[in-house]
Amino acid sequence: MGELIYKKESYQIIGACMEVQKELGKGFREIIYGDSLEIEFKKNNITYSREKRFSIKYKGETLPQYYIADFIIDDKNILEIKAIESLTSSHLKQTLNYFLFSCL
């Protein structure tokens, strides 16, 4: 894995996620983990926006559908919550698409 661009911020985000995981454990829906992360972000003065919508363009036209990123942190990090046993390549591609379209 390459060098982290926003190392300090990444460690803060990971720390918040680890705290939620430690407190709640497994078995909850994504919304529960999101609500808990919101508490951790506030407690740790982490600037975020939740469930931010991004338009998707196709050949210059905006599609009626959009995607929703679970969290945008410090206007530079995307956090996608997954309440699953393990990540698949499909989950990684979804997150990369979020990143690519948010940069357009």
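The values are calculated or read from the model by the stated rules, or taken from the named source; none is laboratory data. Only a predicted model underlies this, so the values are computations on that prediction, with no experimental measurement involved. Note that each Cβ is placed from the backbone with ideal geometry, even for glycine, and that neighbours are counted across all protein chains shown.
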Within the range 50-104, take every residue that is more than 23 Å from Val20 (Cα to Cα), out of contact with any Leu (no Cβ under 9 Å at 6 or more places or on another chain) and hydrophobic (A, V, I, L, M, F, W, C) and give me the one that is modelled with the highest pLDDT. Leu63
Here the residues within the range 1-15 that are assigned to a helix (DSSP H, G or I) and over 17 Å from Lys76 (Cα atoms) are Gly15
Note: among Glu40, Glu3, Glu61, Glu23, just one is at negative phi and surrounded by 13 or more Cβ atoms within 10 Å (Cβ to Cβ), namely Glu40
Could you please tell me which pairs satisfy a Cβ distance under 8 Å, a separation of 6+ or placement on different chains, a first residue in the range 51-66 that is within 26 Å of Lys82 (Cβ to Cβ), and a second residue that is acidic (Asp, Glu) and surrounded by 10 or more Cβ atoms within 10 Å (Cβ to Cβ)? Glu51/Asp70
Filter the range 28-60 down to residues that are among the polar types (S, T, N, Q) and either closer than 24 Å to Asn97 by Cα or not in a loop (DSSP other than H, G, I, E, B) (or both) and give me whichever is nearest to the chain's Cα centre (by Cα). Ser49
When you go through Ser89, Ser10 one by one, which is the residue that is surrounded by 10 or more Cβ atoms within 10 Å (Cβ to Cβ) and of a type in the set (S, T, N, Q)? Ser10
